[in-house]
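The values are calculated or read from the model by the stated rules, or taken from the named source; none is laboratory data. Here the structure is a predicted model, which is why all the values come from computation and not from measurement. Please note: Cβ atoms are built from the backbone with ideal geometry, for glycine as well, and neighbour counts cover all protein chains shown. Accessible surface is based on the protein model in full, side chains and every heavy atom, while ligands, DNA and RNA are left aside. Shrake-Rupley method; radii C 1.70, N 1.55, O 1.52, S 1.80 Å.
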Amino acid sequence: MRIHLLAFLFLVFSQSVWSAAKIEHWQTAQGSRVYYVHTEGLPMVDIQVVFDAGSARDGAQFGVSALTSALLDTGAGAWNADQIAQRFESVGALFGSGISNDTAWVSLRTLTDKALFDKALETLQTLLAKPAFNEADFQREKNRTLAGLKQREEEPDELASIAFHRALYGDHPYGHPAAGLIETVSKLTAEDLRRFYQRYYVAANAVVVIVGDLKREQAEQTATALLSGLPAGEKPAPLPEVVMPQKASRQHIEFPSKQTHVLVGLPGSYRKDPDYFSLYVGNHILGGSGLVSKLFKEVREKRGLAYSASSSFSPMLRKGPFTVGLQSRNDQALEALAVLNKTLEDFIAQGPTEAELTAAKKNITGGFALRFDTNKELASYVAMIGFYELPLDYLDTFQQNVEQVTVASITDAFKRRVDPQLLQTITVGAAGKSKQ
């Protein structure tokens, strides 16, 4: 019943909170950074604890970050997985966890009624401080992961992504898939997960985000309680800088599919990139705006060469990938790739038109508030701001920063940051029909 109550309250009281979002920030005695936004009207709170413990911290044990995260709610303290699930369900709380290249995170959504909140918080605190990493749970999750990795070999888009990141990053920590590889996951042990957890799940390496109907004093108490069982520890060494490819490359992977998957790109933007907004708005015009983007128009509308065509920047701690991608019939893949490259080269050389820029700005700013019109979505944005140490007024100034972008700034940024002579190209399709 309480789960239904929580869902009902969410639907009734959810409202746009972004415009009034005042992010408060402090640091705990153990070195954890805390980011807090007080919202009213909904007796709920969304909490995230984010660690610099993503797949970039795997070292040579590709997949250890993902498995460590996956094991957190399978057993902790005196509780097994069923008991943990029951504790959250009994108070209508929702737990989540996951990883990215940069981060590992846990999340909790719970009502703020004291009895319900306290039980949910105690459960989350135990998961963070006393994960069991039992052998039986580990073997089950490891086997499930290995089955997923085996299935991944039958998915051309996954094969393309793996080869693409390897081409862009080589031996850099961003160069391997977050879930790992069959050969690396096969060698992992429960003790490997314990060591990873002990190294990275420490207070000095944690960012706590609290968004909801809690007073500042309650938020401070919550952050302290959540991390009370963790050692202070220390932050890991900074990730190495990304080294740009020395020259363009092209790789084709044979796959018995009716479509060829194409990925083209290079290391692109990072979270504190001074070119971020020019690249972001420019990419919206190039291939990030769906059916009205230049890529979609050139590849799909004008020539019917692809089922989809798009581009994106994925900024991270270091330069994340700039990716241009499409899917095309095998017999049309070469022509589609040629149009993709020509469209990209023309955009780099000429930039957008004023009309395209005006339309893009209206589209971006017009829908901006809808991106975080719930506490949960706002918490995710605040976690991004906190982890990457962006300005606390990032959301308030976002639209202003978009409006300040010009045709000249887009053209300049793309010319400096996207060199056609360094593009890495991956094609995955049938019978060599997309080879040259």
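Quick check, is Leu227 in contact with a helix residue (DSSP H, G or I) (Cβ under 7 Å, 6 or more places away or on another chain) and in contact (Cβ under 8 Å) with a residue 60 or more places away in the chain? Yes. I'm trying to understand the selection: among the residues of segment 69-94, which are assigned to a strand (DSSP E or B) and either in contact with a Gly (Cβ under 6 Å, 6 or more places away or on another chain) or open to solvent by less than 50 Å² (accessible area, probe 1.4 Å) (or both)? Result: Gly75, Ala76.
Tyr388: within 30 Å of Gln27 (Cβ to Cβ), hydroxyl-bearing (Ser, Thr, Tyr) and free of Cβ contacts under 8 Å to residues at least 24 places away in the same chain, yes or no? Working first, answer last.
Working: within 30 Å of Gln27 (Cβ to Cβ): yes; hydroxyl-bearing (Ser, Thr, Tyr): yes; free of Cβ contacts under 8 Å to residues at least 24 places away in the same chain: no.
For Tyr388, the condition - within 30 Å of Gln27 (Cβ to Cβ), hydroxyl-bearing (Ser, Thr, Tyr) and free of Cβ contacts under 8 Å to residues at least 24 places away in the same chain - is not met.
Based on this model, can you work out whether Ser269 counts as within 30 Å of Val209 (Cα to Cα), open to solvent by less than 10 Å² (accessible area, probe 1.4 Å), in contact with a Leu (Cβ under 6 Å, 6 or more places away or on another chain) and polar (S, T, N, Q)? For Ser269, the condition - within 30 Å of Val209 (Cα to Cα), open to solvent by less than 10 Å² (accessible area, probe 1.4 Å), in contact with a Leu (Cβ under 6 Å, 6 or more places away or on another chain) and polar (S, T, N, Q) - is met. For segment 121-156, taking the residues that are in a helix (DSSP H, G or I) and open to solvent by 80 Å² or more (accessible area, probe 1.4 Å), the one that is nearest to Ala203 (Cα to Cα) is identified as Glu122.
Consider Thr224 carefully, then state whether it is of a type in the set (Ser, Thr, Tyr) and open to solvent by less than 10 Å² (accessible area, probe 1.4 Å). Step through it out loud before you land on a result.
Values: of a type in the set (Ser, Thr, Tyr): yes; open to solvent by less than 10 Å² (accessible area, probe 1.4 Å): no.
It is false that Thr224 is of a type in the set (Ser, Thr, Tyr) and open to solvent by less than 10 Å² (accessible area, probe 1.4 Å).
Candidates are the residues of segment 324-366 that are part of a helix (DSSP H, G or I) and small (Gly, Ala, Ser); the one that is surrounded by the fewest Cβ atoms within 10 Å (Cβ to Cβ) is Ala355. Is it true that Glu183 is within 26 Å of Leu378 (Cβ to Cβ), exposed (fewer than 15 other Cβ atoms within 10 Å of the Cβ) and free of Cβ contacts under 8 Å to residues at least 24 places away in the same chain? No: the conditions fail for Glu183. Within segment 367-392, the residues that satisfy the criterion of being surrounded by fewer than 14 Cβ atoms within 10 Å (Cβ to Cβ) and modelled with pLDDT of 95 or more are Glu389, Pro391.
Specify the residue that is most open to solvent (accessible area, probe 1.4 Å); the eligible residues are those in segment 95-120 that are more than 20 Å from Tyr197 (Cα to Cα) and in contact (Cβ under 8 Å) with a residue 60 or more places away in the chain. Among those residues, the one meeting the criterion is Asp113.
Here Ala53 meets the list (1) open to solvent by 10 Å² or more (accessible area, probe 1.4 Å); (2) among the small types (Gly, Ala, Ser); (3) in contact with a helix residue (DSSP H, G or I) (Cβ under 7 Å, 6 or more places away or on another chain) almost entirely, failing just condition (1).
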